[in-house]
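Working notes for the structure below.
The values are calculated or read from the model by the stated rules, or taken from the named source; none is laboratory data. Keep in mind that what you see is a predicted model, and the values were worked out from it rather than measured. Note: ideal-geometry Cβ built from the backbone for every residue, glycine included; neighbour counts use all protein chains shown.
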Amino acid sequence: MKRAVLAFAFLVLACAKPETSAPANTSTAPAATRGAASTSKPFRVGLLTPGSINDGGWNAIAWEGMQRIQKELGAEISHQETKTPAEFDEGFRSYGAKKFDLAFGHGFEFQDAAKKAGAEYPDTMFVTTSGSTVARNVAPMRFRLEEATYLLGVIAARESKTGKAGLVGGINLPSIASTFEAFKAGAHSVNPKFEVKEIYTGNFDDLGAAKVATLSLINAGADFVFHQANEAGRGVFQACSERKIRCFGSNKNQNDLAPDVIVASAVLDVPGAFVRMAKTVRDKQFKPEIQMFGMANGIVTLEWNEKLKGTLAPATVAEVERLEAQIKQGALQVPLGF
Amino acid sequence: MFELVADALPLAVVASTPLLLAVEGELVVQRSGIINLGIEGMMLVSAMTAVLAAQLTKSVAIGFLGGVGGALLVAALFGAFAIAMRADQIVTGTAINLLALGVTSFVYQELQQGAIFVQSVPRMHGDFVLPLAWVVFPIALALVLWNTSFGLRLRACGENPTAVPHVARYRWSALAIEAFLAGLGGAYLSLGLSSGFAENMTAGRGFIALSIVIFGRWKLKGALLGTAIFGLAAALQYALQAASYGLPFHLLLAIPYVVTLLILCGVAGRVRAPESLGVR
């Protein structure tokens, strides 16, 4: 709906702005000359997105990954915006027919198309961001932000004076609920009686609602707040700043948005994961299995706000760093909600 | 339970202030015989222009002026079609909403690289909007609408426009009053209630305002009551979610709408819309 609205508005604007930032179907770069796998044929990577890569969010982050693949691996990159399952099929087939090495489908919804195209074009690797469909040359990427949110739960439970923390979510999506469950698991590993209360506001746009929700949690006694409300998260930070309640950032390093109250951020580096994936394919290391991206390969990180790190008990910081090392080694398995 | 209400009440008053301003504006304009569905877009645009003005001048007061200015621009566009060209009001309002969402999202994304939307906005010192919205404006509007000849003629435009000379003049005035109020509401949303702009941040407040005007029977008392109930129910449902009684949050999110509907339906009195509301 929103995209349709945007498209309409662009029409109304009478195409005042030519498509400068949207890439031509195939942008080329000098072929890589380094790397063991480099041959005379350039390494080629395609991307299908369900929406505009100028959306400043989900699709923009994929395009950022592609640009890094171009820069860091010297690959030829291509992008197509695809809206319908028929277009997903067509998009993947076009990459298969042109013998691309790797084609990304940016979302859960590309799984069926990847499977079909994978059977038709065995020389191209088809990777979807999220999902579970695996075949010989088809695999999904899965991001384990939970590993970082687990640690945030540990921090909250160790540092809270009220014994309560609050969570603010936009919409109850599986990926969001899962990070909340990990937060709770982390908190309960410290203190099984620690209370974690959660509020969903029903959208990701309404900063005011997120602020009111946060204030309600603070009224209910929470002295740590974590959010998964995307844009509306700024309302969470505002409420926390006003009440001097500590909180955490999510997905990006948000520490600078409210440096007086944000203790740490759980950060997910999607572009980095795209580059890793492309490297794996280029080096012929691709394995048909769910591709996990977490703390072990540096895609998920816990970013401290150095300004507030010193205000925490040294034992808390030491414990979190110890757990972080355990997660990286695989000694500590953080529960995944889905 | 009492504690929950006591905690939620101050939150409710602050959080529903933008809504109340929108309700008051829409009431005036509907009394003059115009349905302005575009009020959602009007608020959204003013939320953005308020942030732009406040960031460029580092002044909250100018930010609010910028918000009102943005709303006036949208009102001028709406009026040009709905009043001057006598276009269909529903269609015009819908188009304005789509345009406002598209334009504000476009500007927001284009300016993402700059500092305007990233830096925190100047903070309000003292909340001057709250008493205006809840006390001063309702009294002033009641006096103007029901105790002046201007108000009488404005309302007559909504009942029987053929009886009033210069209908367009009164409708333009009503629209200007609405733009002022909705602009203030939009600015309060982005400068007072939250700090900064986000795409589609009005999140349906304009549409809720429309329905509160209708369920409040086009009366200021109904408008105030409806907004207060909605605001309190909205703040309470967050408190209930936070209290985690194990109720599904989808149900709790629906509470404000259901409660407002039930109470305003039960308020005695026949529903009578202005006779010529929405008539071209």
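Structure above, values below:
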read-out	value
Enumeration of residues in region B:26-40 that are in a helix (DSSP H, G or I) and in contact with a Phe, Trp or Tyr (Cβ under 9 Å, 6 or more places away or on another chain)	B:27, B:30, B:31, B:39, B:40
Sole residue being among the hydroxyl-bearing types (Ser, Thr, Tyr), facing chain A (nearest Cβ under 10 Å) and farther than 27 Å from residue A:57 by Cβ, chosen from B:16, B:59, B:105	B:16
Criterion: at pLDDT 95 or above, assigned to a helix (DSSP H, G or I) and closer than 16 Å to residue B:181 by Cα - qualifying residue of B:61, B:80, B:22	B:22
Some residue of region A:101-115 being under 30 Å from residue A:322 (Cβ atoms) and touching a Leu at 6+ places or on another chain (Cβ under 8 Å)	no
Considering residues of region A:61-98 that are surrounded by fewer than 20 Cβ atoms within 10 Å (Cβ to Cβ) and of a type in the set (Gly, Ala, Ser) only, the residue farthest from the other protein chains (Cβ to nearest Cβ)	A:97
Matching residues, region B:231-264, being part of a loop (DSSP other than H, G, I, E, B) and either within 11 Å of chain A (Cβ to nearest Cβ) or at pLDDT 90 or above (or both)	B:244, B:245, B:248
Total residues in region A:100-123, condition out of contact with any strand residue (DSSP E or B) (no Cβ under 6 Å at 6 or more places or on another chain) and closer than 15 Å to residue A:278 by Cα	1
Out of B:175, B:191, B:141, sole residue that is within 13 Å of another protein chain (Cβ to nearest Cβ), of a type in the set (A, V, I, L, M, F, W, C) and under 16 Å from the mean Cα position of the chain (by Cα)	B:191
Any pair with Cβ under 7 angstrom, 6 or more apart, that starts in region A:319-333 at a residue that is touching a residue at least 60 places away in the same chain (Cβ under 8 Å) and crowded, with 16+ Cβ neighbours inside 10 Å and ends at one that is of a type outside the set (Phe, Trp, Tyr) and assigned to a loop (DSSP other than H, G, I, E, B)	A:323/A:332; A:324/A:295; A:327/A:295; A:327/A:334
Scan of region B:1-43 for residues that are among the charged types (D, E, K, R) and either closer than 19 Å to residue B:213 by Cα or buried (at least 24 other Cβ atoms within 10 Å of the Cβ) (or both), ordered by number	B:24, B:26, B:31, B:40
Identity of the residue in region B:108-132, part of a loop (DSSP other than H, G, I, E, B) and farther than 15 Å from residue B:54 by Cβ, that ends up nearest to the other protein chains (Cβ to nearest Cβ)	B:112
Restricting region A:248-265 to residues that are of a type in the set (A, V, I, L, M, F, W, C) and at pLDDT below 95, the residue that is farthest from residue B:119 (Cα to Cα)	A:258
Failed item in (1) more than 30 Å from residue B:121 (Cα to Cα); (2) at pLDDT 95 or above, with residue A:108 passing the rest	(2)
Qualifying residue in region B:206-215 (condition: farther than 21 Å from residue B:256 by Cβ and surrounded by fewer than 22 Cβ atoms within 10 Å (Cβ to Cβ))	no
Among (1) assigned to a helix (DSSP H, G or I); (2) of a type outside the set (Gly, Ala, Ser); (3) within 14 Å of chain A (Cβ to nearest Cβ); (4) free of Cβ contacts under 8 Å to residues at least 60 places away in the same chain, the one test that residue B:214 misses	(3)
Residue in region B:108-131 that is within 15 Å of the chain's Cα centre (by Cα) and modelled with pLDDT under 95 present	yes
Positions within region B:216-242 being more than 22 Å from residue B:136 (Cβ to Cβ) and surrounded by 19 or more Cβ atoms within 10 Å (Cβ to Cβ), in sequence order	B:233, B:234, B:235, B:236, B:237, B:238, B:239, B:240, B:241, B:242
Search result, residues across region B:48-78 that are of a type in the set (Gly, Ala, Ser) and surrounded by fewer than 23 Cβ atoms within 10 Å (Cβ to Cβ)	B:59, B:61, B:69, B:76
Yes/no for residue A:281 being touching a Lys or Arg at 6+ places or on another chain (Cβ under 9 Å) and either more than 9 Å from every other protein chain (Cβ to nearest Cβ) or outside any helix (DSSP H, G or I) (or both)	no
Qualifying position, being within 30 Å of residue B:144 (Cβ to Cβ), assigned to a helix (DSSP H, G or I) and out of contact with any Cys (no Cβ under 7 Å at 6 or more places or on another chain), among B:278, B:186	B:186
Residue A:288 being in contact with a strand residue (DSSP E or B) (Cβ under 6 Å, 6 or more places away or on another chain), touching a residue at least 12 places away in the same chain (Cβ under 8 Å), surrounded by fewer than 16 Cβ atoms within 10 Å (Cβ to Cβ) and assigned to a loop (DSSP other than H, G, I, E, B)	yes
